[in-house]
Amino acid sequence: MASDDKAGEPSSRGDLLPSADEVVRGMAAMGPRHTLRGRLKTSFFTGLIVAGPLAVTAYIVWWMVTLVDGWVKPLIPPAYLPETYLPFPIPGFGLVVAFVGLTLLGFLTAGLVGRTLLNAGERLLARMPVVRGLYKGVKQVFETIFSQSGTSFRKVALVQFPAPGMWSIVFLSAPPTEETAAHLPEAGDYVSAFMPCTPNPTTGFFFFVPRRDIIEVPMSVEDGAKLIMSAGMIQPAPAVQPRLAAMAEEARALEKSDAA
């Protein structure tokens, strides 16, 4: 029974499910008395590991396609919809139309005529009291997120929160403007930091912090987001972990020297 239970337990590394190598080793370690039960157990976990990510990915993709189709298809005349001539709808047709339309819009906007029309439309929106602020705010967000040369969320850092000696992951964005920095206490350069919540990274805290009080880590934004959403169960690449440990030791040594 001990070998049977060990075959299906998660590993000590914190994985939720056994890896493929652990499954094979567990099946090989099972005794002949409980071979059938152990094989069924390990085969179930193996199938769950294989089918689970595929099912979740397929569901998310299908949800996105259905969402875009629901937005775009009502704007298309029925004469141009494939289901008008076919006995079944074609999923993803609205997504293709949206992609082509946005690409053509960007191509036309890059020209002189497109820029002139865009500037005229923005001047018109600038005269509307409520719409003006909403449009400018949304435009700045989109330009910051999708800009090729933007600096938003390009670095991952550590900051002491919620108490001294406790470190949290933050994403660094553009520094504060000169008007904002002029009202901040004198502490050198400031950076803008966003600290997401676990497991929902769309909520969190945004604050300005002195650059001297943060520690930049050699981790990509994607790895940082995975670490936060998984509550630490999905760790960064093994090559990054020794560097993170060394930086943590350096930070502890610096704190001890400051206390002394």
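Some notes on this structure:
- Residue ID - modelled with the lowest pLDDT, chosen from residues in segment 21-51 that are surrounded by 12 or more Cβ atoms within 10 Å (Cβ to Cβ) and either in the same structural domain as residue 231 (by TED's automatic domain parsing) or closer than 23 Å to residue 232 by Cβ (or both): 22
- Pair list, Cβ < 7 Å and 6+ apart or interchain, from segment 41-61 residues that are within 30 Å of residue 91 (Cβ to Cβ) to residues that are surrounded by 11 or more Cβ atoms within 10 Å (Cβ to Cβ) and not charged (D, E, K, R): 48/17; 49/17
- In segment 72-86, the count of residues that are in a helix (DSSP H, G or I) and touching a residue at least 12 places away in the same chain (Cβ under 8 Å) is one or more.
- Residue among 178, 216, 222, 186 that is of a type in the set (D, E, K, R), surrounded by fewer than 12 Cβ atoms within 10 Å (Cβ to Cβ) and closer than 14 Å to residue 154 by Cβ: 222
- Enumeration of residues in segment 94-117 that are of a type in the set (Gly, Ala, Ser), modelled with pLDDT under 85 and assigned to a helix (DSSP H, G or I): 106, 114
- Any chance residue 162 is surrounded by 14 or more Cβ atoms within 10 Å (Cβ to Cβ) and either of a type outside the set (Phe, Trp, Tyr) or not assigned by TED's automatic domain parsing to the domain that holds residue 232 (or both): no
The values are calculated or read from the model by the stated rules, or taken from the named source; none is laboratory data. Bear in mind that the values here come from a model prediction, so they are computed numbers and not experimental data. Methodologically, a virtual Cβ is constructed for each residue, glycine included, from the backbone with ideal geometry; neighbour enumeration extends over all protein chains shown.
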